[in-house]
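Take a look at the structure set out below.
The values are calculated or read from the model by the stated rules, or taken from the named source; none is laboratory data. As the structure is a prediction and not an experimental result, all values here were calculated from the model. Glycine gets a Cβ as well: all are built from the backbone with ideal geometry, and neighbour counts include every protein chain shown. What goes into the accessible areas is simple: the full protein's heavy atoms, side chains included, and nothing from ligands, DNA or RNA. Shrake-Rupley method; radii C 1.70, N 1.55, O 1.52, S 1.80 Å.
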Amino acid sequence: MNMIRWTDNHCHLPDDNKLAAVVVEEARELGVERLIDVGTSVESSAACSIRAAEFDGVWATAGVHPHVAKEGIDGLEHLLSSSQVVAVGECGLDYHYDNSPRDVQRQVFADQIQLAHHYQLPLVVHTREAWKDTFDILDAEGIPEHTVFHCFTGGPEEAKSGLERGASLSFSGIITFPNAPELREAAALTPADRYMVETDAPYLAPVPQRGKRNRPGWVALVGEGVALARGVEVETVAKESWNNASKIYQFGE
């Protein structure tokens, strides 16, 4: 398995640099050559950018997660000019927890869509129990050319709605969970040039590691789940998801 090249399209590395170094090295030994360390607040996005400069094969995003939308996005924009930052996000709507008021979530999401347009960067979207409003805001603001629904958890209908808008879907370890048949249907219908794989580490460890602290080195297990859903070899998923990440984030091959 470690002869195959993987991109973990979405993870959250440890804040401690020594721990982060261990995680990155372990992932590399398992064939994960590229990791995207995702920001969820202005502070964490700055930290992601610094880590990305320190570790080969690691890039960063800069965004404000809906959970902390009430904190605003002041200070976010200046991070977007960094060569280490390859996308805006994760940002979006989360109506499951409502840690920030919904009207604030919607405004902060819209503001970050506009930043993605202005800086011509991909947009990384988090949406939970908020599909209609997510699509409505994307339609109103204009969907960026490269938009990624991270940790996609919808079924075939949500997948079609995202794909029709030109977005890509990123599948996490949830695709390996027994209670996710609709997600596997969504993976099966997604075009070969419109999906990626991610761990969302340290969350959502895939089967057979479910319940443990997730790590980027396990992205191949996610790839196996996607391969099973799509009826292809895991090598195909590795190659397609690698190429799609290269296109979206403008990585070299």
So E26, is it part of a helix (DSSP H, G or I) and either open to solvent by 10 Å² or more (accessible area, probe 1.4 Å) or in contact (Cβ under 8 Å) with a residue 24 or more places away in the chain (or both): yes
S168 being within 17 Å of K247 (Cα to Cα) and among the small types (G, A, S): yes
Sole residue being open to solvent by 10 Å² or more (accessible area, probe 1.4 Å), outside any loop (DSSP other than H, G, I, E, B), in contact with a strand residue (DSSP E or B) (Cβ under 8 Å, 6 or more places away or on another chain) and β-branched (V, I, T), chosen from V104, V108: V108
Filter result for the condition that a residue is more than 21 Å from W218 (Cα to Cα), surrounded by fewer than 23 Cβ atoms within 10 Å (Cβ to Cβ) and either modelled with pLDDT under 95 or touching a Phe, Trp or Tyr at 6+ places or on another chain (Cβ under 8 Å) (or both), over L80, L76: L80
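Quick grid of which residues meet (1) free of Cβ contacts under 8 Å to residues at least 40 places away in the same chain; (2) over 19 Å from the mean Cα position of the chain (by Cα):
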residue	(1), (2)
E71	yes, yes
S81	yes, yes
V86	no, no
D94	yes, no
D103	yes, yes
R106	yes, yes
I113	yes, no
Condition check for E158: under 27 Å from R28 (Cα atoms), acidic (D, E) and touching a residue at least 12 places away in the same chain (Cβ under 8 Å): no
The listed residue being closer than 13 Å to D133 by Cβ, in contact with an Asp or Glu (Cβ under 7 Å, 6 or more places away or on another chain) and surrounded by 18 or more Cβ atoms within 10 Å (Cβ to Cβ), out of L93, L115: L93
Leading residue by the ranking (farthest from R5 (Cα to Cα)) among those in segment 29-70 that are in a loop (DSSP other than H, G, I, E, B) and open to solvent by 50 Å² or more (accessible area, probe 1.4 Å): D56
